[in-house]
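Below you'll find the structure, written out as structure tokens, and then a few comments.
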Amino acid sequence: MTHNPSSSIAAKPVDRAAFLLAMRAVPGAVAIIASSDGKEMTGMAATAWNSLCADPPTILVCINLGASVHAVIHCARRFTVNLVPSNAAETVAIFSAQRGLSGRDRFVDGQWSSSAAGQPMLNSAVVSFECDLSADHVHATHSIFIGQVGETRSNLESEALLYFNGAYGRSVSLD
């Protein structure tokens with residue numbers, strides 16, 4: 001791909017409200033992003049995560065600079081991504097700060113265990129990825145954390161929880 005400098009003139013950014021409205025139309029897989037640094041353990045519900053590449057297996061997550069898990073990931077240099085099953089809406093409510101819980105208290109719902117590296121993994125997750133932080137990049141209000149996957153766990157018979165148009169749901173097969 002060739003970069004043409006004359007085409008690098010920035011377009012006028014879309015209005016924030018219009019952007020947020022448009023993003024509601026994009027379905028997202030709901031995950032709990034969690035981390036422990038040995039002293040603190042916390043997490044948050046998020047849809048801003050994705051695979052980055054398979055060689056090496058790598059995940060990226062986007063975390064607000066003010067989120068409690070941000071500092072813990074930065075300190076621990078490790079995190080987990082736990083794809084929430086469709087029957088775990090209460091877990092998501094807790095990790096979305098809707099129940100007033102923070103830090104270690106958020107792990108009251110669901111059964112949690114530790115990865116080999118000591119990171120929190122949701123036992124009922126459709127899939128969990130334990131990642132070693134390999135890079136991070138700050139953009140505006142968020143950090144993009146890039147993690148190399150060191151451990152996975154799967155419950156592939158479970159359905160993933162999705163977030164779409166302001167509501168939770170699950171996928172339906174077209175077959």
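The values are calculated or read from the model by the stated rules, or taken from the named source; none is laboratory data. Quantities reported herein were computed from a predicted structural model and do not represent experimental measurements. Ideal geometry is used to build each Cβ from the backbone, glycine not excepted, and the neighbour counts take in all protein chains shown.
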- Considering every residue within segment 115-135, establish whether at least one is in contact with a Gly (Cβ under 8 Å, 6 or more places away or on another chain), of a type in the set (S, T, N, Q) and loosely packed, with under 13 Cβ neighbours inside 10 Å. yes
- Residue count, segment 103-120 (criterion: of a type outside the set (Phe, Trp, Tyr), assigned to a helix (DSSP H, G or I) and touching a residue at least 24 places away in the same chain (Cβ under 8 Å)): 3
- Residue that is nearest to ALA89 (Cα to Cα) [pool: residues in segment 161-175 that are surrounded by 14 or more Cβ atoms within 10 Å (Cβ to Cβ) and touching a Lys or Arg at 6+ places or on another chain (Cβ under 7 Å)]: LEU161
- Query: Residues of segment 29-41 being of a type outside the set (Ser, Thr, Tyr) and either surrounded by 18 or more Cβ atoms within 10 Å (Cβ to Cβ) or without any contact (Cβ under 8 Å) to a residue 24 or more places away in the chain (or both), which ones?
  - Reply: ALA29, VAL30, ALA31, ILE32, ILE33, ALA34, LYS39, MET41
- Task: Only strands (runs of 3 or more DSSP E) wholly contained in segment 42-102 count here; list those with 2 or more residues that are surrounded by fewer than 18 Cβ atoms within 10 Å (Cβ to Cβ).
- Result: 49-54, 57-64
- Query: Hey, any hits in segment 131-143 for a residue that's modelled with pLDDT of 95 or more, within 27 Å of ARG170 (Cα to Cα) and of a type in the set (Val, Ile, Thr)?
  - Reply: no
- Mind telling me which of the residues THR58, THR80 ends up being of a type in the set (Val, Ile, Thr), at pLDDT 95 or above and farther than 23 Å from ARG170 by Cα? THR58
